[in-house]
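Note sheet for the following structure.
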Amino acid sequence: MAATPRPGVELAGPLSDPEFYAGDPFPLYARLRREAPVAWNDDLGFWALSRHAEVQAVSRQAELFCSSQGILLGDIGRDLPETPGALLYVDPPEHTRYRRLVQPAFAPSRVRALEGPMRQRVRALLDEVPLDEPVDIVDALALPYPLAVIADLLGLPADRWRTYGRWSDAAIEAGTAPTDENMALLGDMAAELSEVIAAKRDDPADDLISTLVTVSVADPDTGEEEQLTDDELMMFCVQLLVAGNDTTRNLVAGGLVALAEHPAEWQRVLETVDDVEAVGVAVEELLRWTTPVISFLRTATRATEVGGQPIAAGEHLLLLYSSANRDEAVFGPTAGSLDVRRQPNPHLAFGFGHHHCLGAALARMEARVLLEELAPRVRALESAGPVHRLATAGVVAGVLEAPLVLHRAGST
């Protein structure tokens, strides 16, 4: 007797195809939410969770749905390294220790102190962006801006942002499709960061790597002071360099494309740009709309149930943040519309639970400062050609090229 097909198997097939994410995935997401919110992909073998409720529920139960068995679709079926490549692969209680050690580096006072230098970076970049003619907003702004900011934060030479961009892209690519080229770039990155870590140990400065090298926190159980090992320091430096620019890069590019496609929403930003809170609300909507991290994987540690669907121990679950952030059950009938004054806005663009993004406050500030500095210069944004998006197996909503015309304020 033939086995009963698993729910959604006829819909979830494209979710393992990188090209799917370079197109328009949202019609399929909507069908999944309606017809199969917990759907089985038979190609790689995982459950796809498309609704906000299930994505949030799984995210808050780290003991039941672990990260250590892989967070990317490319991790399914492969042996993971003994030392995790990123904090995203670590579960409590180890994850709790790491967060306790690095939290001082992201103290609110440290993040607030970055606003002045960040604003200077934005102004310098905008001074070079041509107005009233087509420009690739990725190369001109979305790429250099967050790379320079994260370099400043880490204590790296900001003028080498193109090198850091190549490293970051290689790290993203190698997560799902390792090649000789991207692995060689990762080797270059590791060698150079090792030298930086050693130099910061000998002569710490007022930067994030120096903070990570020197920070120590008392263990709440033993009272002993703990510091990060060299391998752990490398893990954090790589993650901060990659995640610290990639999310914001695609938020900036995707957000400006969205505002060009929805010109009335840019006008609403202009109307309230002097109100910091209102600009913050607009940033939250751009985060929801773009959802720079498409999805992450979890693995069930024991038999359980999600959304009424039995899940066996060891089965993988793909948390589709980009679908959850368009869920009509949470965002109402306008879930599929851009609304820069949307409140409340409980999006999951930074994840949820233990793995909520460490750099969320920094990314929010980068986007707010950009909008505040762009508004006096630009009265309208206009699409000037097709947007080329990254084909990736459900990792990041990457924008490779986005030609726009930024119309000068005061012109007609």
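The values are calculated or read from the model by the stated rules, or taken from the named source; none is laboratory data. None of the values given here were measured: they were computed from a predicted structure. Positions of Cβ are backbone-derived with ideal geometry, glycine not excepted, and every protein chain shown enters the neighbour counts.
The table below gives the values:
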read-out	value
Qualifying strands (runs of 3 or more DSSP E) (wholly inside segment 306-412; at least 1 residues being of a type in the set (Lys, Arg))	378-383, 403-408
Search result, residues across segment 397-412 that are on the phi < 0 side of the Ramachandran plot and surrounded by fewer than 22 Cβ atoms within 10 Å (Cβ to Cβ)	LEU400, GLU401, PRO403, VAL405, HIS407, ARG408, ALA409, SER411, THR412
Only listed residue being under 30 Å from GLU54 (Cβ atoms) and either at pLDDT 95 or above or not β-branched (Val, Ile, Thr) (or both), chosen from GLY394, GLY410, GLY385	GLY394
Looking only at segment 237-271, and only at residues there that are of a type in the set (Val, Ile, Thr) and over 14 Å from the mean Cα position of the chain (by Cα), the one that is modelled with the lowest pLDDT	VAL238
In segment 262-290, the residues that are acidic (Asp, Glu) and without any contact (Cβ under 8 Å) to a residue 60 or more places away in the chain	GLU271, ASP274, ASP275, GLU277
Which numbered condition VAL129 misses (of (1) farther than 30 Å from PRO386 by Cβ; (2) modelled with pLDDT of 85 or more; (3) not hydroxyl-bearing (Ser, Thr, Tyr))	(1)
Among the candidates ASP274, ASP231, ASP246, ASP221, residue that is outside any loop (DSSP other than H, G, I, E, B), surrounded by fewer than 22 Cβ atoms within 10 Å (Cβ to Cβ) and among the acidic types (Asp, Glu)	ASP231
Of residues in segment 69-113 being surrounded by 16 or more Cβ atoms within 10 Å (Cβ to Cβ) and of a type in the set (Ser, Thr, Tyr), the one farthest from the chain's Cα centre (by Cα)	TYR98
Pick from segment 153-172, criterion buried (at least 17 other Cβ atoms within 10 Å of the Cβ) and free of Cβ contacts under 8 Å to residues at least 40 places away in the same chain, ranking: nearest to ILE294 (Cα to Cα)	ASP169
